[in-house]
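So the structure is just underneath, and the comments pick up after that.
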Amino acid sequence: MSENREQTGRRKKEKEHPGRYKSEIFNWGESLISVLIFFVVVFIFFVRLIGVDGSSMYPTLEDHNVMLTSNWGYRPERGDIVVLNKESFWNGMPIVKRIIAVGGDEIDIDFDTGDVRVNGELLDEPYIAERTQKREDVEFPQVVPPGCVFVMGDNRNGSTDSRNSLLGMVDERYILGHVLTIVYPFEKIGAL
């Protein structure tokens, strides 16, 4: 009878305390799945990784940089770098530009001096590659319609942007997100 009790007691202990090896694998697997679910949710609903294609934002962003962007609770503001997508422009591919003016602002560009003015004030633009000399088919001054933005690349003379009527004033609904930071190349992480 006492042998029976000992065997029953051992079986209970084995059930209550599974082997260490099995327990650790299960815990690691459970943790890994939780982390993966977290990242999937974050990258679906909150942020995106988007690559730069071209030199229109040089020197701020370079070709093949990878950026972390978000549209969560975003309201466009002057100076923000945004990723946008307009079907009539660049085959509907996402592009990266800087917001120069928002709805209600008056934008004026003097191509002889390279000056850009918003609401009569000269912009301080330490981020541009060179002064704005490139003319397109949009005449200035222009007033940005409500719900729209006027965007330009930092490489002003190597960028096709809102100065071209194919892009023109961009409806805020076309903004996929604003750039939070550079994530690749690694030596540029956080730079903007």
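Got a sec? Which of Arg135, Arg156, Arg163, Arg117 is crowded, with 21+ Cβ neighbours inside 10 Å, out of contact with any Ser or Thr (no Cβ under 8 Å at 6 or more places or on another chain) and charged (D, E, K, R)?
Values: Arg135 fails: crowded, with 21+ Cβ neighbours inside 10 Å; Arg156 fails: out of contact with any Ser or Thr (no Cβ under 8 Å at 6 or more places or on another chain); Arg117 fails: crowded, with 21+ Cβ neighbours inside 10 Å.
Criteria check complete, one pass: Arg163.
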Considering region 86-110 alone, what residues qualify as being exposed (fewer than 15 other Cβ atoms within 10 Å of the Cβ) and either modelled with pLDDT under 95 or in contact with a helix residue (DSSP H, G or I) (Cβ under 9 Å, 6 or more places away or on another chain) (or both)? Glu87, Ser88, Asn91, Gly92, Met93
Anything in region 139-168 that is at pLDDT 95 or above, within 15 Å of Ser88 (Cβ to Cβ) and of a type in the set (A, V, I, L, M)? List them, or say none. Val151
Is it true that some residue in region 162-173 is more than 24 Å from the chain's Cα centre (by Cα) and assigned to a loop (DSSP other than H, G, I, E, B)? yes
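So if I check each of Thr132, Thr181, which one is polar (S, T, N, Q), within 21 Å of Asp63 (Cα to Cα) and either without any contact (Cβ under 8 Å) to a residue 60 or more places away in the chain or outside the structural domain of Asn91 (by TED's automatic domain parsing) (or both)? Give the steps one after another, and end with the answer.
Details: Thr181 fails: either without any contact (Cβ under 8 Å) to a residue 60 or more places away in the chain or outside the structural domain of Asn91 (by TED's automatic domain parsing) (or both).
Step by step, each of Thr132, Thr181 is checked, and only Thr132 is polar (S, T, N, Q), within 21 Å of Asp63 (Cα to Cα) and either without any contact (Cβ under 8 Å) to a residue 60 or more places away in the chain or outside the structural domain of Asn91 (by TED's automatic domain parsing) (or both).
The values are calculated or read from the model by the stated rules, or taken from the named source; none is laboratory data. As the structure is a computational prediction, the values presented were derived from the model and not from experiment. For neighbour counting, all protein chains shown are included, and Cβ atoms are generated from backbone atoms with ideal geometry for every residue, glycine included.
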